[in-house]
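Data block below; observations after.
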Amino acid sequence: NLLETLKENSSSEIINDISNDLILDEIYVFTPKGDLIKLPSGSTPVDFAYAIHTKVGHKAVGAKVNGKLVPLDTKLKSGDVVEIITKEGHNPSRDWLNFVVTSKAKTNIKQYIAKVEKEKSIKFGEKLLDKFLKKINKKLSTLTEEERNIILKRYNYKTFEDFLAALGDGKISPAKVIRLLREDKEDTETKSENKKAASDITIEVDGISNILSHLSKCCMPVPGDEIYGIVSKGKGIAIHRRECSNIKPVLESEPERIINVAWGKNIYHLYNCQIRIFTEDKPGILANVSNAVANSKSNISNARVQTLKSGKAIIDLTIQVRNKEHLNGILKSIKNTPGVFSVSRVLKKG
């Protein structure tokens, strides 16, 4: 083969002859068996792997170029001998999209990621719908073919899996699905109960939610805060404080993703909360503030101090609280500490 011919001729004439015929934006590399593979300039071992076979690309965990181990984002050059190291069960990484150049590699990686994300969305959509269906004494497993067809027709999806994926992605409001399935006779029952069931949903947010929810790091809600839930694509429901800056854009552009949620009753967990304190810049001030927190039966999980030219300091703390009442007590205790000018809860932007 061509690789063997190159090895048998020590002079560079053959390489030069081939190079003169090559298109400048392409490279020619070899498999360990000597097969020639044409790739765009800037290609990497991952591009090479997908050029061999999609399965080889998906399973790639490493590569050797000219017998030496190299990172998967290494740029290949003409004449390189490339060997792909694969592993069963390994899957493509989203990071590969940052360096692959061939359309085949990009397409296959994106298709795999889309497939995985859809599967996650379907699973969350199933859990979400099942939870909401309990409001009308139904289960996902007992939905009739007629009821499923009503949903598909209303939301214009061909398959129920596509509908569940859209539900899990936050494209459809589960509360609206429930209203669609609600029987007419229920409209004559207690209006207040109907109104709540139609527009609001209570999720027990006690650290371990049975509806796959999580507390957002941007605003760090704690029990007692007024909260909203935002359905996040394939990730469950993100719980935000109502004054969080991330709520308004969603309300304006994708209101169907917003779910009214409430705290559960039996909440015995500790929740992280960020606070900012403006103080005098003097020795012992951090210790005094820490004592105020400890005396309020709270722990500090993170602390950062900034000194200002004005002779003042900023202390940023992450503390653990049981609820908003507990937090307010801590803030009051800190505010009464000598040398403290002000203390407030942090609400991150964006």
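The values are calculated or read from the model by the stated rules, or taken from the named source; none is laboratory data. No experiment lies behind these values; they were computed from the predicted model shown. Here the Cβ positions follow ideal geometry from the backbone for every residue, glycine too, while neighbour counts run over all protein chains shown.
Which ones in the range 76-125 are touching a Leu at 6+ places or on another chain (Cβ under 8 Å), touching a residue at least 40 places away in the same chain (Cβ under 8 Å), farther than 21 Å from residue 66 by Cα and not hydrophobic (A, V, I, L, M, F, W, C)? Of everything in the range 76-125, those that are touching a Leu at 6+ places or on another chain (Cβ under 8 Å), touching a residue at least 40 places away in the same chain (Cβ under 8 Å), farther than 21 Å from residue 66 by Cα and not hydrophobic (A, V, I, L, M, F, W, C) turn out to be 102, 121, 125. Do the conditions hold for residue 279, that is, is it within 20 Å of residue 346 (Cα to Cα), among the hydroxyl-bearing types (Ser, Thr, Tyr) and surrounded by fewer than 17 Cβ atoms within 10 Å (Cβ to Cβ)? Judged against the criteria, residue 279 is not a match. Scanning the range 37-65 for residues that are part of a strand (DSSP E or B) and touching a His at 6+ places or on another chain (Cβ under 7 Å) yields a single hit, 61.
Could you tell me whether residue 251 is outside the structural domain of residue 176 (by TED's automatic domain parsing) and either among the polar types (S, T, N, Q) or more than 19 Å from residue 330 (Cα to Cα) (or both)? The answer is yes for residue 251. Looking only at the range 293-329, residues that are in contact (Cβ under 8 Å) with a residue 40 or more places away in the chain and of a type in the set (A, V, I, L, M) come to 5 in all.
Listed by position, the strands (runs of 3 or more DSSP E) inside the range 217-292 whose residues that are over 27 Å from residue 155 (Cα atoms) number at least 2 are 236-241, 271-280.
Can you work out which of the residues in the range 141-172 that are surrounded by 19 or more Cβ atoms within 10 Å (Cβ to Cβ) and part of a loop (DSSP other than H, G, I, E, B) is modelled with the highest pLDDT? Filtering first and then ranking leaves 172. Identify all residues within the range 237-276 that are without any contact (Cβ under 8 Å) to a residue 40 or more places away in the chain, exposed (fewer than 15 other Cβ atoms within 10 Å of the Cβ) and within 19 Å of the chain's Cα centre (by Cα); write none if there are none. Correct list: 249 only. I'd like the residue in the range 100-140 that is surrounded by fewer than 16 Cβ atoms within 10 Å (Cβ to Cβ), in contact with a helix residue (DSSP H, G or I) (Cβ under 9 Å, 6 or more places away or on another chain) and not in a helix (DSSP H, G or I) and, out of all such residues, is modelled with the lowest pLDDT. Among residues in the range 100-140 that are surrounded by fewer than 16 Cβ atoms within 10 Å (Cβ to Cβ), in contact with a helix residue (DSSP H, G or I) (Cβ under 9 Å, 6 or more places away or on another chain) and not in a helix (DSSP H, G or I), the one modelled with the lowest pLDDT is 139. Quick check on my filter: what residues within the range 23-57 are among the hydroxyl-bearing types (Ser, Thr, Tyr), touching a strand residue (DSSP E or B) at 6+ places or on another chain (Cβ under 8 Å) and closer than 13 Å to residue 82 by Cβ? Scanning the range 23-57 gives 28, 31, 43.
Taking the numbered list (1) touching a strand residue (DSSP E or B) at 6+ places or on another chain (Cβ under 8 Å); (2) at pLDDT below 95 in turn, residue 95 passes all entries but (1).
Table: residues versus (1) within 18 Å of residue 43 (Cβ to Cβ); (2) within 21 Å of the chain's Cα centre (by Cα).
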residue: 63; (1), (2): yes, no
residue: 76; (1), (2): yes, no
residue: 81; (1), (2): yes, no
residue: 94; (1), (2): no, yes
residue: 101; (1), (2): yes, no
residue: 110; (1), (2): yes, yes
residue: 120; (1), (2): no, yes
residue: 123; (1), (2): no, yes
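When the range 293-340 is filtered for residues that are assigned to a loop (DSSP other than H, G, I, E, B) and touching a helix residue (DSSP H, G or I) at 6+ places or on another chain (Cβ under 6 Å), the ones remaining, listed by number, are 296, 298, 337, 339.
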